[in-house]
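Engineer: Below you'll find the structure I mean.
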Ligand SMILES: [Zn+2]
């Protein structure tokens, strides 16, 4: 699943693929892709920057054109060299950018559009995003203020709320609460301000490591029924928040 760390890794992968290259041909094989008519506008373009905002990816192709995408649960961007085996069949790809020698490919997205960069500033999906967890200590501090200002939410629910803090998904929600030793079911109002800052700092650190290594902690997520690696109690799981996203926690050592 694409959380902020994965999206940033994809952005870096795309930037590396583009280095010194431009789009020779652009195709949208999957008929579900809304940018299919007009995809040829990408041809002849070089990439200025691959930007991430939370789980959103924005490819900047100059003053007049940007591609805005969200990968949802299953989407992903890949770069393939000649003869390299693709993850899925070509006909299911949302986007194939042939850069001459390397192809940048997107599978399984939920949203993609071509816009003028000025329109990004008016996009409500981007405008309501909170500070990006991967945007440095000042952003993490602003996110802590946002969480404290939502005292009625449970911690696990608040960490997933992209208006309060952008980029954290279901895996890092559980992993950061576990590492911080905090019960994800506690209301924010019952936590100290320091606890809130700490769990966000932990999430930021875990995700920065994810960007560098591609690995996630794997200490609590999807370990339901197994003994906790810290205290030995059985790990529990239950749906949390308005979308009932599964939270994993240890009732023995998360308070
Ligand atoms: Zn435990």
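Engineer: Does residue 176 satisfy the criteria of being within 16 Å of the ligand (Cβ to nearest atom) and not in a loop (DSSP other than H, G, I, E, B)?
Structural biologist: Against the criterion (within 16 Å of the ligand (Cβ to nearest atom) and not in a loop (DSSP other than H, G, I, E, B)), residue 176 qualifies.
Engineer: Could you please let me know if residue 184 is within 16 Å of the ligand (Cβ to nearest atom) and surrounded by 15 or more Cβ atoms within 10 Å (Cβ to Cβ)?
Structural biologist: Yes: the conditions hold for residue 184.
Engineer: Please work out if residue 132 is outside the structural domain of residue 17 (by TED's automatic domain parsing) and at pLDDT 95 or above.
Structural biologist: yes
Engineer: Give the residue, chosen from 198, 240, 206, that is under 19 Å from residue 8 (Cβ atoms), away from the ligand (no atom under 15 Å from the Cβ) and crowded, with 17+ Cβ neighbours inside 10 Å.
Structural biologist: Within the list 198, 240, 206, the selection yields 206.
Engineer: For the condition under 23 Å from residue 193 (Cα atoms) and surrounded by fewer than 20 Cβ atoms within 10 Å (Cβ to Cβ), what is the one hit in 158, 127, 150?
Structural biologist: None of the others qualify; the one that does is 150.
Engineer: Check the stretch 221-228 and report whether any residue there is under 25 Å from residue 131 (Cβ atoms) and within 16 Å of the ligand (Cβ to nearest atom).
Structural biologist: Yes: the stretch 221-228 contains one or more residues that are under 25 Å from residue 131 (Cβ atoms) and within 16 Å of the ligand (Cβ to nearest atom).
Engineer: Find the residue count for the stretch 154-177, including only residues that are touching a residue at least 40 places away in the same chain (Cβ under 8 Å) and more than 19 Å from residue 73 (Cβ to Cβ).
Structural biologist: 3
The values are calculated or read from the model by the stated rules, or taken from the named source; none is laboratory data. Bear in mind that the values here come from a model prediction, so they are computed numbers and not experimental data. No Cβ is skipped: glycine too gets one built from the backbone with ideal geometry, and neighbour counts run over all protein chains shown.
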